[in-house]
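For reference, the structure is listed below as structure tokens.
FYI, it's all coordinate maths here, none of it is from the lab. Nothing here was measured: the structure is a model prediction, and the numbers come from that model. Note that we place each Cβ from the backbone using ideal geometry, even for glycine, and neighbour counts take in every protein chain shown.
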Amino acid sequence: MKVKAHDGALLLLVIIGLASIVGLSRWLDHHRPRTDQKIEEEQLYLTGATARRISLGFNGLVADWYWMRSLQYVGRKIIDVPDNVAIDNLSDLNLKLLAPLLDTATTLDPQFLEPYEYAAVVLPEIDREQAIHITKKGIAANPSSWRLYQHLGYIYWQQKDFKAAGEAYDQGSKLPGVPAWMLAMKAKMAAEGGSPDLAREIYERMYDQAADGLIKEMVGRHLLRLDSQEQESRLRKVLVAFRAGEGRCPTSWREVELGLRSLRLRLDPSGAPVDPAGTAYILGVDCDVKVDPGSKVPSR
């Protein structure tokens with residue numbers, strides 16, 4: 001069966017495009033800077049505009065490549081952290097290349113929503129201004145995506161700019177197909193912007209809608225911290241009540257076992273209450289309670 005001329009031309013174009021992507025990948029790997037952060041700063045492989053010019057029209061494929069590199073970049077940083085070091089904030093990983101990688105991916109394919117979502121959830125701990133920039137860039141390119149307005153509201157809420165957060169939720173609530181809770185968020189931001197209940201609602205909405213595993217994990221850690229904060233507050237009341245009756249702080253959890261059982265918290269075999277991640281709380285001095293440093297509950 002003979003191949004038609006235009007089919008042959010199309011096949012040749014695909015082969016050239018794939019070859020250019022392979023060549024681009026090799027060039028980027030070859031020119032990638034050393035990862036020793038003590039010696040030199042990490043730089044972006046290529047700017048979005050440059051990558052767009054040499055992608056020969058295969059912008060979507062190259063955007064996928066940059067997106068995968070973003071995930072690999074974060075993954076490598078996490079793997080390099082010693083097992084005995086807890087990662088409570090991604091800013092500790094010195095992820096200087098993440099914002100440019102995500103920005104390039106979205107320049108190559110402005111309708112590629114996953115990098116925008118990743119930027120909105122992950123970047124605020126690293127570079128909040130870039131998180132806002134990339135999320136607004138996503139809204140400009142995808143004005144009908146209400147989830148991007150949700151993410152923008154989340155970033156402003158983290159900044160405690162409840163007015164800007166409410167406006168972002170309000171703008172998103174006017175789009176077709178938006179869930180009713182988006183409209184309610186504007187009023188909630190004004191009335192209870194800093195409350196734990198609103199924080200829980202925001203994180204639960206994000207957790208339910210997140211498609212990326214790392215984003216779910218990060219949001220899940222925030223929920224663990226909220227659960228732990230609530231438990232710690234209840235535990236401190238038990239400890240304070242014991243001090244009021246005994247004139248001293250308890251020296252072990254066994255001394256307040258009755259009060260602990262009234263809280264309906266899980267206790268380990270030693271009688272110590274267990275945090276949401278399954279690790280026993282530490283009974284501190286002055287009738288205080290602390291999360292074990294080895295727990296998966298993130299520190300403040």
Open item on the list: Condition first: in a loop (DSSP other than H, G, I, E, B) and buried (at least 17 other Cβ atoms within 10 Å of the Cβ). Now tell me which residues in the range 239-258 satisfy that.
Closed with: C249, P250
TODO: Confirm whether E246 is acidic (D, E) and under 30 Å from V121 (Cα atoms).
DONE: no
Open item on the list: Against the conditions (1) touching an Asp or Glu at 6+ places or on another chain (Cβ under 8 Å); (2) farther than 20 Å from Y73 by Cβ; (3) surrounded by 22 or more Cβ atoms within 10 Å (Cβ to Cβ), where does I134 fall short? Just the number, please.
Closed with: (2)
Task: Residue satisfying all of: in the range 166-209; more than 24 Å from Q229 (Cβ to Cβ) and basic (K, R); surrounded by the most Cβ atoms within 10 Å (Cβ to Cβ) among these - done: K186
- [ ] Give the range 243-263 a look and list any residue that's under 26 Å from S299 (Cβ atoms) and of a type outside the set (G, A, S), or say none.
- [x] R243, C249, P250, T251, W253, V256, L260, L263
Task: Every pair of residues 6+ apart whose Cβ atoms lie under 8 Å, when the first sits in the range 106-120 and is surrounded by fewer than 22 Cβ atoms within 10 Å (Cβ to Cβ) while the second is not aromatic (F, W, Y) and not in a helix (DSSP H, G or I) - done: P110/N142; Q111/N142; L113/N142; L113/S145; E114/A211; E114/D212
Task: Unique residue being in contact with a Lys or Arg (Cβ under 8 Å, 6 or more places away or on another chain) and closer than 18 Å to Y116 by Cβ when the list is Y149, Y169 - done: Y169
Open item on the list: Quick check on the range 271-289. Is at least one of its residues under 30 Å from E114 (Cα atoms) and touching a residue at least 60 places away in the same chain (Cβ under 8 Å)?
Closed with: no
